[in-house]
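In what follows, a single structure is set out as structure tokens and then discussed.
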Amino acid sequence: MDTKNIRKHLANIMICCGIVATLPAVTSCKEDIDESNLYTFTGETIEDYLVNRSDRFSSFNYILGRIGYDKILSAYGTYTCFAPTNEAVEQYVDSLYDDPVNLENPHNGMTQRGLEGLTDSLCEDIALFHLLATEVMGVNMGNGMTIKTMLGRDINTSIDPETGAVIISRASSITSMDNELENGILHEIDCVIRRSNMLIAGEMENNPDLFTIFSQALSLTGLADSLNNVSHTNFDEVDNDRGFYVPEKCELGYTIFAETDEVLAANGINNIDDLIAYANEAYGACADQGSGWYDYARNHNITVSTGTDYKNPWNALSMFVRYHILDFKLPYNKLVNSHNQISKVTLMEYYETMLPYTLLKITRNNGRLLLNRWQANSSLTDMVAELGTTAIHTVLFGGVDMEGQNAQIAAVNGYIHPLKNMLTYNENVPRGALNERLRFDDTAFLGEMMSNSFRRISDSEVNAMNGGKTGTDGNLSGSYIRIPPGFLKDLAIYNGDDTRLYYLSGQSSGWSNYQGDEFNCKGRFDFAFRLPPVPDGTYELRIGYTANGNRGMLQFYLGSSSELSSMKALDIPLDMRIVPVNSGDLTPDVNTGWCDWTRCDDKGVESDANMRNLGYMRGPLYYTVGVNSGNYARSNVQDLRRILAKQAFKQDEYWLRFKTVLEGDAWQFHLDYIEFCPENVYNNTRYVEDMY
């Protein structure tokens, strides 16, 4: 046995003998721990680093010691530690004791000034907010990251535009980066990372220099009192003998896009009465029969109030505010996701707001995030296999600009993003900005996936949450997250454990998935999710997937609710096991019509039409198989889109159901993305839908 294995063996004996039994309850033992660092260290651990520099870090180490984490950071594991200096800790502790805001809990519960006055709970909050269960290098933080700490709360990174330093949550600068130690990474910081203990409406009220008027609107409409969800555990327990990570609670939250007082003043709004008048003008006629553009309200004969009943959800002020809010939390760097898209395309996301059945479009353009940007003939082209000439893509509305990463404000249950312009759901949104092919990643319409930071989470983070383990379910294995029934409010599972739903972010895989991630399902699955809303119109509803022999065969249903009685079958069952035959020449596959479009003289135009006649489309040119592979999804024989329906949709509620038609438990369902493509795109009389 070599020296390293002897050290591992001795370390295991120590654990089995209970030497680590004195560690606090917050670190539960796992059966399958990562043994790669389980040996006597020859270099510095994170704890050694702090002790050996006690003149700078003794105060933070004192806080760690109060909850037993000095022992944890001197033992096995893989961690990241943001270590504030003694001066930073002293300044922060004094600010807690002298806090003039938290009057309900004087001195934040401290018994005296100084370190010894901290309560154990404060020590735990401070310590765990500065620790990660995985290694995160500072060199990767520059473009903006959102990272879940061991406290369960997120921190956000950005770059100081003046100094170039990495900033943690708007205030703490990394002064010494990427100190690689035996059990992780340590970053020295010049300020304790601040965490808000306020709900999102309270955090907005706590910034009166920015949001006096918007905060008043939140209060008048009653929304300030309703944006109080933080988490819940009201979902089914599942049998976890397959070893995947299963969340124990569901985090909830909100995202508010808010005009600052300065922006409001620039638009002639200097007080709450001015904002009420603005909202009345903006929304007063939106539901009028014949001329109204808010289809849902018009279709349901809703009367918009311009009176003083501000808590009425159909009051114009309430409608104005609701369109600014998402009922899930998203930091700035996750509002628009990039992974394996090609460089020439524009990145876009669509999210449902709290104004019923309305979408907010977010576009990344030249490094800026713009809301409801409108470009003529979007999704159309006057060229073949190209996005089209600039002449047909005139920008008709540049979009509502945002202040950016460094300006976002984090609350306990969400984020506030300051705006530079006025945001409304005006007629140019449904008739302009959203009048295009709408592609939704499989998580973009399931808010809990974002509130829990699951969307595009790294494999290492999932493994850390799962005690270093990965799971296996037949031919499905890896760092999947098992989604329990009831965890997602807009997803209904009809047969309990017979539908085993998994999510894989796929950020380190080379799979051909839009944004890398996917949902998989095992068992005799039968489930449905609520589709994102679209403006009134005729659309093609499409689903994107990758075919392989492990997939199943399923029937799709479309309904007006999650009730099975509302569901009607769509077309014939889809067999996801069928992979098109790539004959190597231009012979079309008999089932799908697929052939190698790169060998076609017309770049696949005629072949595309043949595939559509069979109900299929190729994958888009928008992204590649894996990252920077140069292999387009359009060229991947397994990458397919199935046209499920071509029909009129109202701006209302629709549920899409997936039910296996095969016997047995072995089959694997796959979902990547969905598309709503309006008729004026797929059946345009002048241009054609682009291949992207």
Handout entry: Projected area averaged over orientations for the chain, convex hull of C-alpha atoms, nm²
Key = 33.6 nm²
Exercise for the section: Rank Asn179, Pro208, Leu122 by how far each Cα sits towards the positive end of the charge dipole of the stretch 107-235 (+1 on Lys, Arg Cβ; -1 on Asp, Glu Cβ) and give me just the farthest. Expected result: Pro208
Completion exercise
Of every hundred units of 1.4 Å-probe accessible area on the stretch 148-234, the number belonging to carbon and sulfur atoms, as a percent, is 43 percent
Problem - Highest-first arrangement of 417-427, 385-395, 632-642, where packing means the average Cβ count within 10 Å - result: 632-642, 417-427, 385-395
Practice task
With only Lys, Arg, Asp and Glu charged, each at its Cβ (+1 for the first two, -1 for the last two), find how big the charge dipole of the stretch 194-262 is about the Cα centre; round to the nearest 20 debye.
Solution key: 140 debye
Handout entry: the stretch 50-205 - Kirkwood radius from inverse mean 1/r over Cα pairs (Å)
Key = 16.1 Å
Handout entry: Protein accessible area in the stretch 392-497, 1.4 Å probe - carbon and sulfur %
Key = 44 percent
Practice task
When a/c is below 1.5 the answer is rounded, else prolate if a/b is larger than b/c, else oblate, so apply that to the stretch 401-558 with a ≥ b ≥ c taken from the square roots of the Cα gyration tensor eigenvalues.
Solution key: oblate
Problem - Cα-centre dipole for the chain with unit charges at Cβ (Lys and Arg positive, Asp and Glu negative), debye to 20 - result: 1420 debye
Practice task
Determine the order of Ser379, Ser560, Ser343, Ser58 by accessible area, beginning with the largest, at a probe radius of 1.4 Å.
Solution key: Ser343, Ser560, Ser58, Ser379
Practice task
Just list whichever of Lys329/Lys489; Lys334/Lys522; Lys522/Lys568; Lys334/Lys489; Lys568/Lys646 have alpha carbons separated by over 19 Å in the model shown.
Solution key: Lys334/Lys522; Lys522/Lys568; Lys334/Lys489
Handout entry: Order of exposure, largest accessible area first, which applies to Thr85, Thr306 with probe 1.4 Å
Key = Thr306, Thr85
Completion exercise
Taking a probe of 1.4 Å and leaving out DNA, RNA and ligands, the stretch 542-621 shows per residue an accessible area in Å² of 46 Å²
Practice task
Measure out, as a whole number of angstrom, how far apart the alpha-carbon centroids of the stretch 421-477 and the stretch 642-685 sit.
Solution key: 18 Å
Problem - Compactness of the stretch 589-667 - radius of gyration and Dmax, Cα, Å - result: 15.9, 45
Problem - Kirkwood hydrodynamic radius over Cα pairs of the stretch 138-270, then Stokes diffusion coefficient at 20 °C and 1.002 mPa s, in µm²/s - result: 117 µm²/s
Handout entry: In Hz, Karplus ³J(HN,Hα) per residue of the stretch 615-625 (6.51, -1.76, 1.60; θ = phi - 60°; x = Gly, Pro)
Key = x, 10, 9, 5, x, x, 6, 4, 9, 10, 6
Problem - Solvent-accessible ranking of Ile493, Ile72, largest area first, probe 1.4 Å - result: Ile493, Ile72
Fill in the blank from the handout: Result for the stretch 312-378: accessible area per residue, probe 1.4 angstrom, in square angstrom, of 28 Å²
Fill in the blank from the handout: Charge tally for neighbours of Gly447 with beta carbon under 14 Å away, counting Lys, Arg as +1 and Asp, Glu as -1, is -3
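The values are calculated or read from the model by the stated rules, or taken from the named source; none is laboratory data. These figures come from a predicted structure and were not determined experimentally. Quick reminder, even Gly has a Cβ in these numbers, built from the backbone with ideal geometry, and neighbours come from all protein chains shown. In case anyone asks, the SASA skips ligands and DNA or RNA and just uses the protein heavy atoms, side chains included. Shrake-Rupley method; radii C 1.70, N 1.55, O 1.52, S 1.80 Å.
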